[in-house]
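Participant: My structure is below; once you've seen it, I'll send some questions.
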Amino acid sequence: MDKVFVLGAGFMGGGITQVVAQGGYTVYLYDTSPAALESTLKQIRWSTEKLASKGKIKDSAKAVLDRITTVKDLSLVSQCQWVIEAVYEDEQLKKGIFKDLDTRCKPETILASNTSSIPITRLASPTTHPERVIGLHFFGPVPMMKLVEVIKGEKTSDAVFQKSLYFINSLGQYPVKVMKDIPGFIMNRVSGASFREALSLVEKGIASIEDVDKGMHYGFNWNIGPFEIADNAGLDTYVRVGKAFQALGAEEVAVTSELLEKMVAAGRLGRKVGKGFYDYLPDGTKVPFDITTIK
Ligand SMILES: NC(=O)c1ccc[n+]([C@@H]2O[C@H](COP(=O)([O-])OP(=O)(O)OC[C@H]3O[C@@H](n4cnc5c(N)ncnc54)[C@H](O)[C@@H]3O)[C@@H](O)[C@H]2O)c1
């Protein structure tokens, strides 16, 4: 069975690690922050045990958790068939990582990025084997979301693309094929458009956060609304993705908003810190944030 190395143990890297281990693969998880590794491992344990207790995964929680090892450096990438990068959305950071992975990994190892916005062709450009670089764009929270966009860079080989579709299917995820490597791919363009509009309506005082979320739920059958989705994803990640779009010259798809920037500056990063567009209370309920109080 293939071995998988995940780089970045944040919201996405943790979820990807869990789903890949649930799929039966051995996973090594690395982050430059030991604190991130520790807290993500706790989250993976909690989530895996919950899913196992509900009979939603085929193996025991112990079997899944035994397949995951946290590591302190990149040395084991040379033994893996897959590397999935899930660090901050920053083109220079990611390019540096791909350049380094290119020298450390065997030529047949597939190098994947979970980028939300940056074309794969650009991330592959510093490598000597761009044909093995691919986009595997998971959606969060990964253990709950079945979608993965599989993005073919200009130089990604057909064999790597086909293998990636097979890999995603083997995880029980649904692969959507992105055949042209454009900023934001498919889904973030669609969801970004609705979030941009939702933010504008709320910023102008035309609708409340809660009404927009409830409206999309009751009117369009969304499980949760755009502000709840943003809180789950992390508002700091939205700001980084917006900046990445701007740096790519793709302003028309960037979600940028003064309110979003102010919320991040005030530490309202979303569910991971207990406050974003909602305050998440210890009893499990949530209260919409009064945006008129933000400085
Ligand atoms: N949040 C979402 O809903 C979502 C959805 C799809 C894709 N993405 C993309 O996934 C990626 C990660 O997003 P996230 O929400 O998990 O971010 P996050 O902030 O939760 O985690 C990023 C992690 O990367 C680590 N990191 C930074 N530099 C590193 C390095 N050089 N080596 C190893 N680890 C490093 C950080 O310590 C942090 O733990 C981004 O590219 C983002 O655009 C995010």
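The values are calculated or read from the model by the stated rules, or taken from the named source; none is laboratory data. Since we're looking at a predicted model, the values are computed, not measured. Cβ coordinates were reconstructed from backbone atoms using ideal geometry, including for glycine residues, and neighbour counts include every protein chain displayed. These area figures cover heavy atoms from the full protein model, side chains too; ligands, DNA and RNA do not enter into them. Shrake-Rupley method; radii C 1.70, N 1.55, O 1.52, S 1.80 Å.
Participant: Quick one: in region 162-187, which of the residues that are part of a helix (DSSP H, G or I) and either of a type in the set (Asp, Glu) or in contact with a strand residue (DSSP E or B) (Cβ under 8 Å, 6 or more places away or on another chain) (or both) is farthest from Gly225 (Cα to Cα)?
Facilitator: Ranking the candidates gives Lys163 first.
Participant: Could you tell me whether any residue of region 82-101 is more than 29 Å from Ile229 (Cβ to Cβ) and touching a Leu at 6+ places or on another chain (Cβ under 6 Å)?
Facilitator: Yes, region 82-101 contains at least one residue that is more than 29 Å from Ile229 (Cβ to Cβ) and touching a Leu at 6+ places or on another chain (Cβ under 6 Å).
Participant: Mind checking which residues of region 104-117 are modelled with pLDDT of 95 or more and within 16 Å of the ligand (Cβ to nearest atom)?
Facilitator: Arg104, Cys105, Leu111, Ala112, Ser113, Asn114, Thr115
Participant: Something else now. Name every residue in region 127-150 that is crowded, with 17+ Cβ neighbours inside 10 Å, within 15 Å of the ligand (Cβ to nearest atom) and in a loop (DSSP other than H, G, I, E, B), in order of residue number.
Facilitator: If the condition is that a residue be crowded, with 17+ Cβ neighbours inside 10 Å, within 15 Å of the ligand (Cβ to nearest atom) and in a loop (DSSP other than H, G, I, E, B), then Phe139, Gly140, Pro141, Val142, Pro143 are the ones that fit.
Participant: How many residues does region 253-281 hold that are more than 25 Å from Met12 (Cβ to Cβ) and either charged (D, E, K, R) or at pLDDT below 95 (or both)?
Facilitator: Going through region 253-281 one residue at a time, the tally reaches 1.
Participant: Additional query: Among the listed residues Gly8, Gly13, which satisfies the condition of being open to solvent by less than 10 Å² (accessible area, probe 1.4 Å), at positive phi and within 7 Å of the ligand (Cβ to nearest atom)?
Facilitator: Being open to solvent by less than 10 Å² (accessible area, probe 1.4 Å), at positive phi and within 7 Å of the ligand (Cβ to nearest atom) holds for just one of Gly8, Gly13, which is Gly8.
Participant: Tally the residues that are without any contact (Cβ under 8 Å) to a residue 60 or more places away in the chain and open to solvent by less than 70 Å² (accessible area, probe 1.4 Å), restricting the search to region 49-70.
Facilitator: Adding up the residues that qualify gives 12.
Participant: I'd like to check something: does region 223-245 contain any residue that is surrounded by fewer than 17 Cβ atoms within 10 Å (Cβ to Cβ) and on the phi > 0 side of the Ramachandran plot?
Facilitator: The answer is no, given that none of the residues of region 223-245 is surrounded by fewer than 17 Cβ atoms within 10 Å (Cβ to Cβ) and on the phi > 0 side of the Ramachandran plot.
Participant: Please state which of the following conditions Asp90 fails to meet, knowing it meets all the rest: (1) open to solvent by 40 Å² or more (accessible area, probe 1.4 Å); (2) without any contact (Cβ under 8 Å) to a residue 40 or more places away in the chain; (3) within 12 Å of the ligand (Cβ to nearest atom).
Facilitator: (2)
Participant: Is it the case that Lys99 is part of a helix (DSSP H, G or I), closer than 23 Å to Lys163 by Cβ and open to solvent by 20 Å² or more (accessible area, probe 1.4 Å)?
Facilitator: yes
Participant: With the requirement that a residue be in a loop (DSSP other than H, G, I, E, B) and open to solvent by less than 10 Å² (accessible area, probe 1.4 Å), what does region 102-126 give you?
Facilitator: Thr109, Thr115, Ser117, Ile118
Participant: Is there a residue being at pLDDT below 95 and either over 22 Å from Val253 (Cα atoms) or out of contact with any helix residue (DSSP H, G or I) (no Cβ under 6 Å at 6 or more places or on another chain) (or both) anywhere in region 151-160?
Facilitator: Checked region 151-160: no residue is at pLDDT below 95 and either over 22 Å from Val253 (Cα atoms) or out of contact with any helix residue (DSSP H, G or I) (no Cβ under 6 Å at 6 or more places or on another chain) (or both).
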